[in-house]
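The values are calculated or read from the model by the stated rules, or taken from the named source; none is laboratory data. Treat the numbers as computed from the prediction; the structure is a model and nothing was measured. Heads up, the Cβs are rebuilt from the backbone with ideal geometry, glycines too, and the neighbour counts pull from every protein chain shown.
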Amino acid sequence: MIEAKPFKIAIGQPTIARINRRVRDFEWHEMPRGPGLEGTWAYGANLDYMKRLAAYWIGDYDWRKQEEALNRFPQFIANVDGIDIHFIREEGSGPSPQPLILSHGWPGSVLEFLHIIEKLAHPERFGGDAKDAFTVIVPSLPGYGFSGKPLRPIGPRTTARLFDSLMTDACALPGYIAQGGDWGSAISGWMGYEGKGCKAVHFNMFGWRSPGVGPQTDEEKQYAQRAMQLFEMEGAYFREQTTKPQTLSYAMMDSPVGAAAWIVEKFHGWSDTSRGFENIYSMDQLLTNVMIYLVTKSFNTATWMYRGLMEDLAGDPVPNGARIEKPVGIAAFPVDLIPFPPRSMVERHVNVTHWTDFKEGGHFAALERPDDLVGDVRAFARTVR
């Protein structure tokens, strides 16, 4: 039996002071200027926005207030196969809440789910039915945030095995639903494919694919071409973090503003900003997510997941034509790093039993469209109870 020990976030003041000092001392530089370039993010993180963010960071941002919000839900640490896994656990209402694990990705954290945990665990508090309640588990990925750091890169498949043990042993919650986007979708997919305790999977990004199963129809081939073009524009971070993450770390671990720019630019680029970027995310949300990387000194090891992906697959390849046969629910949000493929293509990889196309929303669905995501997870869960 794996023991789960209570945990509380309590970052020392010298750490906060050091970060604030580095932000205050940052030496700003130029970015392209000219007609039509006002407010542009086309070259990367916008300089004017980053200056405003930094000013807020050292002037108005209150880590202690955010720390208190993070500590609102019960948290634990469990040592699973030699790695300390940090997780939030909120017991669901009613006599038989379904177990649900929510897995974040990069450049996210457990912060993504803070505003939906209570809605999922206690629907009756928001006008819903307690019969739809979940016991919610939200872990920090290995090498991320308040979890321990692996000795070398591990990928989503290895992480899925750790999380399956977390759910079935440390949490004693077999028969769980795995939900995720970004790395969380790949991890959830692996839990669905080979996890002993997983009964169903819900994706808000399609991150699990079977090798040897490519596009077949004209629609699928057109999608594959568009996806390749999108990745060509947005995939430089992926290539760097997949090949030489350690080199990147020397800059990012030394500069809070640099790390913030690297992370915040992805929130801007992968989100549905039709309502305006600052109408979606508050500076408090963005900075707290960044701070989780900084106060735990985990920017470096968080990027290892990318290299770990390659090492996982090289050491333990998936058979061609492998398919997730457990029930799979899809919440397809239209604006993402790479949008969902056509359903016909997805169904050759996984057993789709539920599919919802949304008109708004992007990569960070739990933050961008929390009620849509909560409602879709509930609707899918009713079909697998």
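Would you be able to tell me the number of residues in the range 2-39 that are touching a helix residue (DSSP H, G or I) at 6+ places or on another chain (Cβ under 7 Å) and among the aromatic types (Phe, Trp, Tyr)?
The qualifying residues number 2.
Considering only residues of the range 212-257 that are touching a residue at least 24 places away in the same chain (Cβ under 8 Å) and among the hydroxyl-bearing types (Ser, Thr, Tyr), which is nearest to Asn289 (Cα to Cα)?
For the range 212-257, the residue satisfying everything is Ser255.
With the condition kept exactly as written, say whether any residue in the range 341-364 is crowded, with 23+ Cβ neighbours inside 10 Å, under 16 Å from Asp182 (Cβ atoms) and of a type in the set (A, V, I, L, M).
no
Could you please let me know if Gly34 is at pLDDT below 95 and surrounded by fewer than 12 Cβ atoms within 10 Å (Cβ to Cβ)?
So Gly34 fits the description; yes.
Table: residues versus (1) touching a Pro at 6+ places or on another chain (Cβ under 9 Å); (2) surrounded by 18 or more Cβ atoms within 10 Å (Cβ to Cβ).
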{"residue": "Leu151", "(1), (2)": "no, no"}
{"residue": "Gly155", "(1), (2)": "no, yes"}
{"residue": "Ala186", "(1), (2)": "yes, yes"}
{"residue": "Asp218", "(1), (2)": "no, no"}
{"residue": "Gln229", "(1), (2)": "no, no"}
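Can Ser298 be described as of a type in the set (S, T, N, Q), crowded, with 23+ Cβ neighbours inside 10 Å and out of contact with any Leu (no Cβ under 7 Å at 6 or more places or on another chain)?
The answer is yes for Ser298.
Looking only at the range 31-71, count how many residues are in contact with a Gly (Cβ under 9 Å, 6 or more places away or on another chain) and of a type in the set (A, V, I, L, M, F, W, C).
2
State whether one or more residues within the range 10-30 are within 28 Å of Trp270 (Cβ to Cβ) and either in contact with a Gly (Cβ under 7 Å, 6 or more places away or on another chain) or assigned to a strand (DSSP E or B) (or both).
Checked the range 10-30: no residue is within 28 Å of Trp270 (Cβ to Cβ) and either in contact with a Gly (Cβ under 7 Å, 6 or more places away or on another chain) or assigned to a strand (DSSP E or B) (or both).
Can you name the residue in the range 188-207 that is outside any strand (DSSP E or B) and charged (D, E, K, R) and, of all such residues, is nearest to the chain's Cα centre (by Cα)?
Restricting to residues being outside any strand (DSSP E or B) and charged (D, E, K, R), the top hit is Glu194.
Can you name every residue in the range 112-133 that is within 30 Å of Arg307 (Cα to Cα) and either in contact with a Gly (Cβ under 9 Å, 6 or more places away or on another chain) or among the β-branched types (Val, Ile, Thr) (or both)?
Glu112
Quick test of your reading of the structure: Val138 fulfils all but one of (1) surrounded by fewer than 22 Cβ atoms within 10 Å (Cβ to Cβ); (2) within 18 Å of Ser185 (Cβ to Cβ); (3) among the hydrophobic types (A, V, I, L, M, F, W, C). Name the failing condition by number.
Val138 satisfies all of (1) surrounded by fewer than 22 Cβ atoms within 10 Å (Cβ to Cβ); (2) within 18 Å of Ser185 (Cβ to Cβ); (3) among the hydrophobic types (A, V, I, L, M, F, W, C) except (1).
Can you name the residue in the range 98-156 that is within 15 Å of the chain's Cα centre (by Cα) and of a type in the set (Val, Ile, Thr) and, of all such residues, is farthest from Ile83 (Cα to Cα)?
Of everything passing the filter in the range 98-156, Ile116 is farthest from Ile83 (Cα to Cα).
Any idea which residue in the range 272-295 is nearest to Ile16 (Cα to Cα), counting only those that are of a type in the set (D, E, K, R) and either in contact with a helix residue (DSSP H, G or I) (Cβ under 7 Å, 6 or more places away or on another chain) or crowded, with 24+ Cβ neighbours inside 10 Å (or both)?
Filtering first and then ranking leaves Asp284.
Could you say whether any residue in the range 288-301 is assigned to a helix (DSSP H, G or I), polar (S, T, N, Q) and under 21 Å from Pro153 (Cα atoms)?
Yes, because at least one residue in the range 288-301 is assigned to a helix (DSSP H, G or I), polar (S, T, N, Q) and under 21 Å from Pro153 (Cα atoms).
May I ask you to list pairs of residues, at least six apart or on different chains, whose Cβ atoms are under 7 Å apart, with the first in the range 137-166 being more than 15 Å from Val110 (Cα to Cα) and touching a residue at least 40 places away in the same chain (Cβ under 8 Å) and the second being in a loop (DSSP other than H, G, I, E, B) and among the charged types (D, E, K, R)?
Once the first residue is more than 15 Å from Val110 (Cα to Cα) and touching a residue at least 40 places away in the same chain (Cβ under 8 Å) and sits in the range 137-166, its partners that are in a loop (DSSP other than H, G, I, E, B) and among the charged types (D, E, K, R) give Arg157/Asp316; Leu162/Asp81; Ser165/Asp81.
So which of Ser210, Ser185 ends up being in a helix (DSSP H, G or I) and hydroxyl-bearing (Ser, Thr, Tyr)?
From the options Ser210, Ser185, the qualifying one is Ser185.
Only residues that are of a type in the set (S, T, N, Q) and in contact (Cβ under 8 Å) with a residue 40 or more places away in the chain: list them for the range 1-45, please.
Thr15
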